[in-house]
Amino acid sequence: MRKLEGRSMICLLLILAMLAGLLFFVVRLEINGSKWASFYANDHIYSDGILNTGEITDRNGESLLKNDEGGPLYAGSEEERRAVSTVVGDIGSNIETGANLVFRTRLVKYNPITGTEGFLGMKGGVVKLSIDKDVNYAAYEALAGRNGFVSVYDYTTGDIVCLVSTPTVDPQDPDAIETAESGAYINKVFSASFAPGSTFKVITAMAALENISDLESRTFECWGQTEIGEGIVDCPYAHGTMDFEGALANSCNCVFGQLAAEMGPDVMGVYVNKAGLTSSYQVNGIETATGSFTFDYSDLDLAWAGIGQFEDQVNPLSMMVLMGSIAGNGTAAEPSIVKGESEGTVSLVDPNTAQRLKELLRNNVISNYGDDNFPGLEMGAKSGTAETGDGYEPNAWFCGYSGNYAFVVMVEHGGGGADVAGPVANTVLQKLMEQGE
Ligand SMILES: [Zn+2]
């Protein structure tokens with residue numbers, strides 16, 4: 001009897017071990033199944049290493065790419081393909097943030113019971129991106145062969161409605177030599193950082209509004225240059241007498257350099273973190289680049305850092321979200337490159353500070369850039385002209401908000417921010433209005 005009990009016990013243990021193993025497998029399948037199924041070695045969904053199932057469309061359902069037995073087939077003319085290539089990805093999957101690579105598990109439409117639909121000869125999944133292909137094309141044309149980027153997003157929903165990073169490739173037929181040398185495989189909005197120039201004065205203004213109690217009752221004087229620490233900070237010309245609002249509209253280096261030096265490195269460090277410039281975002285799983293800043297050298301270096309030069313580096317997407325947060329009373333939706341899939345909100349600015357910054361940016365357009373240059377829009381913005389230190393023209397920046405949109409534009413070596421990047425922003429926002437977006 002005892003012998004039988006012993007054997008039953010062994011049987012029971014074996015059954016339990018088997019059930020535990022099965023459970024372990026099912027859990028692993030649930031967690032990893034789509035990854036395993038979309039692995040490159042799965043011949044059912046790849047032909048010669050190229051995905052052969054699934055479709056990518058823009059926000060209106062316009063097809064941008066269909067994968068079939070021959071690999072990806074991109075829609076439209078070469079110029080139309082180039083205008084969306086940064087977002088959609090190229091045939092060789094060299095653009096690491098390209099949708100055809102990043103969202104391949106969704107394109108395969110894997111399901112733990114039936115496996116990949118491609119395997120059953122059925123159509124794969126459709127990924128509906130947040131971009132509008134016509135708006136992207138307008139941005140691509142407005143850059144007119146110049147290197148740079150344009151991005152616009154709805155800070156209430158998170159949808160990135162426009163993203164162009166130039167130079168681009170023809171995704172169907174990239175020229176290997178051209179692209180290797182130019183860096184066309186990089187999505188600059190997601191994966192790069194640049195000296196922000198005077199757009200950074202928005203962050204210095206944010207810190208000053210919260211740390212200098214008499215800021216808005218002060219009167220400032222600019223004589224064209226001012227001594228800070230052991231050196232001189234200068235402006236293109238003497239801005240004369242102005243209040244804080246006027247100093248931002250004039251983009252006065254003397255005033256903002258002094259404000260940064262007055263607040264000190266610790267305060268400036270707190271505000272670049274608070275503004276979200278030193279951390280990365282997850283855009284549908286794509287990790288974006290972070291900015292970097294050095295504030296703890298001399299007062300003179302701190303002054304230059306406070307006006308967006310010295311060692312400041314800003315990621316364009318983080319600047320766009322900050323603009324959205326200012327326009328959105330402190331809070332903005334996290335950006336999404338797939339329609340309607342924002343993963344939450346970020347609060348980067350205190351609501352009172354956001355409200356004042358929103359007014360200040362609006363005033364920049366009214367009193368400096370000119371509402372006439374942006375017909376039908378109610379825009380707030382800040383320009384930047386960032387020295388690149390290589391003997392070329394500076395990089396032209398323009399970022400801000402209009403309606404529910406926040407935007408960031410840069411024309412590399414373009415020259416003056418408002419004159420060069422401003423019209424690009426206008427063209428794209430006009431196209432958005434025309435589209436009824
Ligand atoms: Zn000045």
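The table below lists the values:
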{"item": "Packing rank of 226-239, 199-212, where each peptide gets the mean count of other beta carbons within 10 Å, highest leading", "result": "199-212, 226-239"}
{"item": "Subset of LYS133/LYS358; LYS188/LYS339; LYS358/LYS382 violating a 19 Å alpha-carbon distance limit", "result": "LYS133/LYS358; LYS188/LYS339"}
{"item": "HN-Hα J in Hz across region 223-235 - Karplus 6.51, -1.76, 1.60, θ = phi - 60°, x for Gly and Pro", "result": "9, x, 7, 8, 8, 10, x, 9, x, 10, 10, 10, 10"}
{"item": "Share antiparallel - DSSP beta bridges, the chain, percent rounded to 5", "result": "95 percent"}
{"item": "Of all accessible heavy-atom area on the chain, the percent that carbon and sulfur account for (1.4 Å)", "result": "51 percent"}
{"item": "In Hz, Karplus ³J(HN,Hα) per residue of region 283-295 (6.51, -1.76, 1.60; θ = phi - 60°; x = Gly, Pro)", "result": "9, 6, x, 8, 7, 8, 6, 9, x, 8, 9, 10, 10"}
{"item": "Solvent-accessible area per residue for the chain (1.4 angstrom probe, square angstrom)", "result": "43 Å²"}
{"item": "3J(HN,Hα) from dihedral phi, region 60-77, Karplus parametrisation 6.51/-1.76/1.60, rounded to Hz, x for glycine, proline", "result": "9, x, 6, 5, 10, 7, 10, 8, 9, 3, x, x, x, 10, 7, 7, x, 6"}
{"item": "Mean separation of Cα contacts under 8 Å (6+ apart) over length of the chain, as relative contact order %", "result": "15 percent"}
{"item": "Spin-label pair MET18/ILE366, simplified geometry with 7 Å Cα→Cβ offset, distance in nm", "result": "7.9 nm"}
{"item": "Calculated FRET efficiency for the pair GLU359/ARG7, C-beta based, R₀ 51 Å, to 0.05", "result": "0.05"}
{"item": "Debye-sum result for region 271-311 in log10 I(q)/I(0), which assumes one identical scatterer on each alpha carbon, at q = 0.22, 0.23, 0.27 Å⁻¹", "result": "-0.73, -0.76, -0.90"}
{"item": "R0 of 51 Å, Cβ-Cβ distance GLU387-VAL126: FRET efficiency to nearest 0.05", "result": "0.65"}
{"item": "Computed lengthening from GLU311 to GLU378, 0.36 nm per intervening residue step minus Cα-Cα distance", "result": "20.8 nm"}
{"item": "Among 317-326, 259-268, the order from most to least packed when residues are scored by Cβ within 10 Å on average", "result": "317-326, 259-268"}
{"item": "Relative packing of peptides 190-198, 74-82 - highest average C-beta neighbours within 10 Å first", "result": "190-198, 74-82"}
{"item": "Sum of -39500 (n - 2.57) over DSSP H runs of 4+, divided by residues of the chain (222 nm, nearest 500)", "result": "-11500 deg cm²/dmol"}
{"item": "R0 of 25 Å, Cβ-Cβ distance ASP234-SER298: FRET efficiency to nearest 0.05", "result": "0.90"}
{"item": "Hull volume in cubic angstrom per residue (convex hull over the Cα atoms of region 141-252)", "result": "191 Å³"}
{"item": "For the chain: span of alpha carbons on each principal axis (Å, largest first)", "result": "100, 63, 39"}
{"item": "Amide proton proximity set for LEU65, modelled H, under 5 Å, gap of 5+", "result": "ILE56, ALA75"}
{"item": "Residues with amide H under 5 Å from that of ASP312, placed H, sequence gap 5 or more", "result": "THR294"}
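The values are calculated or read from the model by the stated rules, or taken from the named source; none is laboratory data. This structure is a prediction, so every number in the text was calculated from the model and none was measured. Ideal geometry is used to build each Cβ from the backbone, glycine not excepted, and the neighbour counts take in all protein chains shown. We work out accessible area using only protein heavy atoms, side chains counted, and drop any ligands, DNA or RNA first. Shrake-Rupley method; radii C 1.70, N 1.55, O 1.52, S 1.80 Å.
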